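Enquirer: Here you go, one structure.
The values are calculated or read from the model by the stated rules, or taken from the named source; none is laboratory data. If you're wondering where the values come from, they're calculated on a predicted model, not measured in any experiment. In this analysis, Cβ positions are derived from the backbone assuming ideal geometry, glycine residues included, and neighbour counts consider all displayed protein chains. Keep in mind that these areas ignore ligands, DNA and RNA; they rest on the heavy atoms of the full protein, side chains included. Shrake-Rupley method; radii C 1.70, N 1.55, O 1.52, S 1.80 Å.
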Amino acid sequence: MRPLRRFAVLLLLLPLALPAPPAHAASRKVRKEQEAKIALLAEKYRQFLDEVSVLISDEERGAFLALEEDYQRDAFIDRFWRSRDPYPETARNELKDKWQARLDEARSLFGSLEDERAHFLLLNGPPEGRVEVRCAGVIWPTEVWYYARDNRTHEELLVIFYQRFGAGAYRIWEPLEGLSSLVQDLGIGTDPTRADQQAFQRIREGCAGESVDALLGSVAKIYSLGKLAYPLQVMKAVAPLEHPSGEWLQTFSSYSTDLPAGAGTFPATVDFAFPGRRQSRTIVQGTVKVALADIGHADLGGARSYNLLITGEVLEKGGLFDRFRYKFDFPAVDVTGEYLPLVIQRPLRPGDYRVMLKVEDLDGHKFFRLDRMLAVPSVEGGEPPPPADPDTARLLSEANALLATGETTVKLLAPIGNEMLSGKVRFDALVTGDQVARITFALDKQPILTKQVPPWSVELDLGHLPRSQVLEAVAYDAAGRALTSDELVVNASAHRFAVTLAEPAPGQHFSSSVHLAAKVELPEGERLDRLEIYRDETLVATLYQPPY
């Protein structure tokens with residue numbers, strides 16, 4: 001897509017202390033490099049860049065062209081549109097839908113996106129009025145567009161497009177060009193006033209009709225705005241749409257599993273196991289074994305720690321299915337062996353996947369990378385096969401014991417259609433897993449009711465006035481062992497932010513390893529940056545996306 005021309009208002013020449021290459025020369029070099037990269041892209045990616053050329057920022061375009069694989073480009077396009085979704089809580093992306101409608105209209109009206117009419121329509125939407133001016137032999141093909149005050153400039157806006165010499169793309173007419181630039185073969189001198197007078201006379205003598213009156217009236221209106229006011233008005237209309245924060249691009253780039261150019265590496269081994277299931281998905285457990293001798297460490301106030309970051313991408317049928325990050329912090333006093341086991345878990349459907357892992361030693365500034373095909377089986381329960389590494393199997397034995405029989409979950413459901421609750425209210429719990437023998441409900445930590453058969457529901461008297469209360473449901477097995485629990489804050493504020501541990505359930509005891517699962521509640525419209533896990537006061541892990 002050819003960019004819209006800029007209206008020049010004032011140019012200041014400043015002396016430079018040091019000689020430097022001209023900025024336009026540098027930009028030409030960048031454009032040529034980008035054009036060469038674009039030429040090598042598949043058609044759908046060239047089309048994407050063409051369709052968003054007046055929407056995408058230079059930084060975003062550069063990041064897109066730096067991607068090496070198609071699955072990364074597909075993920076970029078998805079995040080590009082999601083970052084611009086004005087109402088992310090809805091099922092549709094209103095901006096993307098509106099943009100597609102404008103693209104369709106521009107192509108329908110102009111045949112392609114290769115002129116300034118298409119660009120203007122994409123940025124400002126269809127005009128309230130559009131007049132095509134045709135007077136063969138006198139005026140170049142011309143169009144007059146009119147926008148009411150409810151446009152980007154918040155002012156009434158007239159724009160004239162014309163096709164110089166009757167061929168090629170249309171361009172925006174500027175008042176500094178004069179009315180004579182719209183007239184064919186005028187054959188006059190350089191005096192602008194005389195040229196405009198002759199152009200006006202020729203149009204009046206050679207053309208007639210409402211469209212010509214609209215053109216001359218628009219030219220007069222534009223002239224009345226002044227030589228600087230009108231260009232400034234149009235500059236507002238052709239300015240790029242506001243770009244979202246660059247945070248999304250930084251986050252997207254941070255999830256890449258590509259290694260930096262020239263980066264140092266260290267060896268590691270990776271073992272995959274399938275210790276259980278989560279509903280219809282298999283829990284895939286990856287254990288990365290890193291030797292202490294191969295990585296660096298941090299020293300802070302005499303305390304040594306090992307700090308590593310795992311970034312992962314999971315591809316299914318060539319497309320990005322999942323991406324994740326885990327940060328591990330190991331205090332040296334807690335490390336007893338010669339290696340560190342970095343454990344990650346992701347729920348995947350049974351099938352074939354390509355798994356890519358990048359492990360970064362944050363202190364030694366070195367990397368390990370894995371790219372492997374992985375067949376994920378269906379897990380029906382029972383004892384899972386142990387990890388291939390015996391030390392890892394011993395370490396994770398307790399944590400995986402509860403996963404072996406499939407996931408047990410309890411989810412308290414808030415009543416539908418009531419914002420503030422009082423009086424007698426019925427609450428239901430959604431329960432999965434075949435180990436649940438009973439559910440105990442408690443209100444503000446006081447047990448209210450225990451049920452041993454479905455339906456898992458309870459009717460509570462919340463009092464005459466709505467107030468904040470905490471309802472809890474705890475699931476137990478036949479031996480009386482707590483399996484899992486869930487909390488629901490009744491009459492919670494829309495600004496509530498809370499983190500609770502759903503696993504392990506209260507009352508359980510572990511000696512060597514434990515599986516943790518957290519429930520996160522966010523205020524409306526907010527996004528979680530990360531979830532940090534502490535043992536006592538020591539940070540041991542950081543999670544960046546669900547499931548936590």
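Enquirer: Evaluate 2.2 N^0.38 Å with N set to the residue count of segment 96-162, then give the Cα radius of gyration divided by it.
Expert: Relative to the 2.2 N^0.38 Å estimate, segment 96-162 comes out at 1.17.
Enquirer: Mind listing the phi-derived Karplus ³J(HN,Hα) values for segment 535-544, rounded to whole Hz, using 6.51, -1.76 and 1.60 with θ = phi - 60°, and x for any glycine or proline?
Expert: After applying 6.51 cos²θ - 1.76 cosθ + 1.60, I find 10, 6, 10, 9, 5, 10, 7, 10, 10, 10 Hz.
Enquirer: Continuing with this model, one more query. With the cut-off at 19 Å, report for segment 443-490 the share of all Cα pairs above it, as a whole percent.
Expert: Values: 330 of 1128 pairs.
In whole percent, the share of Cα-Cα pairs in segment 443-490 beyond 19 Å is 29.
Enquirer: Any aspartates and glutamates with Cα under 13 Å of the Lys227 Cα? List them, leaving off those in the same chain fewer than 8 positions away.
Expert: In chain and number order, the partners are Glu174, Glu177.
Enquirer: Which trypsin sites (Lys or Arg not before Pro) from segment 133-201 combine a DSSP loop assignment with at most 16 other Cβ atoms within 10 Å? The partial results should precede the final answer.
Expert: Details: sites: Arg134, Arg149, Arg152, Arg164, Arg171, Arg194; in loops: Arg149, Arg152.
Those that pass, being in a loop and sparsely packed, are Arg149, Arg152.
Enquirer: Starting from a Cα-only point model with no solvent, please compute log10 I(q)/I(0) by Debye for segment 22-103 at q = 0.16, 0.22, 0.26 1/Å.
Expert: -0.68, -1.12, -1.37
Enquirer: Could you state the accessible area per residue of segment 430-502 in Å², with a 1.4 Å probe and every protein chain left in place?
Expert: Per-residue value: 55 Å².
Enquirer: Any idea what diffusion coefficient segment 55-110 gets from Stokes-Einstein, in µm²/s, Kirkwood Rh on alpha carbon pairs, 25 °C, 0.890 mPa s?
Expert: So the translational diffusion coefficient is about 192 µm²/s.
Enquirer: Next question, about the same structure. Using DSSP to call loops (not H, G, I, E or B), can you name the trypsin sites (Lys or Arg not before Pro) in segment 31-108 whose Cβ has at most 13 other Cβ atoms within 10 angstrom?
Expert: Arg92
Enquirer: Taking a 23 Å limit on the Cα-Cα distance, which of the listed pairs Lys411/Lys445; Lys317/Lys358; Lys445/Lys519; Lys424/Lys451; Lys96/Lys519 fall beyond it?
Expert: From Lys411/Lys445; Lys317/Lys358; Lys445/Lys519; Lys424/Lys451; Lys96/Lys519, over 23 Å: Lys96/Lys519.
Enquirer: Once you have the Cα-Cα distance between Ser513 and Lys221, take 0.36 nm times their residue separation minus that, and quote the gain in nm to one decimal.
Expert: Numbers: separation 292, 0.36 × 292 = 105.12 nm, distance 7.78 nm.
Residue separation times 0.36 nm, minus the Cα-Cα distance, leaves 97.3 nm.
Enquirer: Right, next: Could you give the dipole magnitude of the chain about its Cα centre, charging the beta-carbon of Lys and Arg +1 and that of Asp and Glu -1, in debye to the nearest 20?
Expert: 980
Enquirer: Shape call for segment 240-317 from the C-alpha gyration tensor, a ≥ b ≥ c root eigenvalues: rounded (a/c under 1.5), prolate (a/b greater than b/c) or oblate?
Expert: Cα axes put segment 240-317 in the oblate bin.
Enquirer: Need one number: nm distance between label points at Gln184 and Lys424, each 7 Å from Cα along Cα→Cβ, rounded to one decimal.
Expert: 8.7
Enquirer: Could you give me the ³J(HN,Hα) list for segment 421-435, computed from phi with Karplus coefficients 6.51, -1.76, 1.60 and θ = phi - 60°, whole Hz, x at Gly and Pro?
Expert: Using θ = phi - 60°, the values come out as 10, 8, x, 7, 9, 9, 10, 10, 10, 8, 10, 10, x, 9, 9 Hz.
Enquirer: Now a separate question. Per residue, how much accessible surface does segment 271-318 expose to a 1.4 Å probe? Answer in Å², no decimals.
Expert: Working: 1970 Å² over 48 residues.
Counting only protein heavy atoms, the per-residue value for segment 271-318 is 41 Å².
Enquirer: For a distance above 25 Å, tell me the whole-number percent of Cα pairs in segment 34-186 that qualify. Write out the running numbers ahead of the final one.
Expert: On the way: 5062 of 11628 pairs.
That fraction is 44 percent.
Enquirer: Where the accessible area of the chain is counted over protein heavy atoms with a 1.4 Å probe, how much of it, in %, is carbon and sulfur?
Expert: Carbon plus sulfur share of accessible area: 54 percent.
Enquirer: Right, something else. Tell me, what is the FRET efficiency for Asp434 and Glu316 to the nearest 0.05, using R0 = 41 angstrom and their Cβ-Cβ distance as r?
Expert: 0.90
Enquirer: Working with all protein chains in place, sort Tyr353, Tyr255 by solvent-accessible area computed with a 1.4 Å probe, largest first.
Expert: Most to least solvent-accessible, the answer reads Tyr255, Tyr353.
Enquirer: With each pseudo-label sitting 7 Å past Cα toward Cβ, what's the Ala229-Arg369 distance in nm, one decimal?
Expert: In this crude label model, Ala229 to Arg369 measures out at 5.9 nm.
Enquirer: With labels modelled as points extended 7 Å from the Cα through the Cβ direction, what inter-label distance (nm, one decimal) is found for Glu94 paired with Asp536?
Expert: 5.2
Enquirer: Which values, in whole Å and largest first, are the semi-axes of the equivalent ellipsoid of the chain obtained as the square root of 5 times each eigenvalue of the Cα gyration tensor?
Expert: The answer is 62, 32, 20 Å, longest axis first.
Enquirer: Dividing the convex hull volume of the alpha carbon atoms of segment 295-383 by its residue count, what do you get in Å³ per residue?
Expert: With only Cα atoms used, segment 295-383 gives 125 Å³ per residue.
Enquirer: I would also like to ask the following. How long are the three semi-axes of the equivalent ellipsoid of segment 132-244, in whole Å, if each is the root of 5 times an eigenvalue of the C-alpha gyration tensor, listed from largest down?
Expert: 26, 15, 14
Enquirer: Could you tell me which of rounded, prolate or oblate describes segment 176-239, using a ≥ b ≥ c as the square roots of the eigenvalues of the alpha-carbon gyration tensor, with rounded for a/c under 1.5 and, failing that, prolate when a/b is larger than b/c and oblate otherwise? Don't skip to the end; give the middle numbers.
Expert: Values: a/c = 2.36, a/b = 1.46, b/c = 1.62.
It is oblate, given that a/c is not under 1.5 and a/b is not larger than b/c.
Enquirer: Averaged per residue, what accessible surface does segment 24-129 expose to a 1.4 Å probe, in Å²?
Expert: 53
Enquirer: Which shape class applies to segment 440-548: rounded if a/c is under 1.5, otherwise prolate when a/b exceeds b/c and oblate if not, where a ≥ b ≥ c are the square roots of the Cα gyration tensor eigenvalues?
Expert: Oblate, because a/c is 1.5 or more while a/b does not exceed b/c.
Enquirer: P(r) for segment 413-452, please, calculated from all Cα pair distances in 10 Å bins and given in %.
Expert: 20, 50, 26, 4
Enquirer: Right, something else. Straight-line reach from Lys221: which lysines fall under 30 Å, measuring Cα to Cα and dropping same-chain residues less than 8 apart?
Expert: Output for Lys221: Lys236.
Enquirer: Only sites in a loop by DSSP and with at most 15 other Cβ atoms within 10 Å count here; which GluC sites (Glu not before Pro) in segment 408-498 make the cut? List each step's numbers first, then the result.
Expert: Details: sites: Glu419, Glu459, Glu472, Glu487; in loops: Glu419.
Those satisfying the criteria are Glu419.
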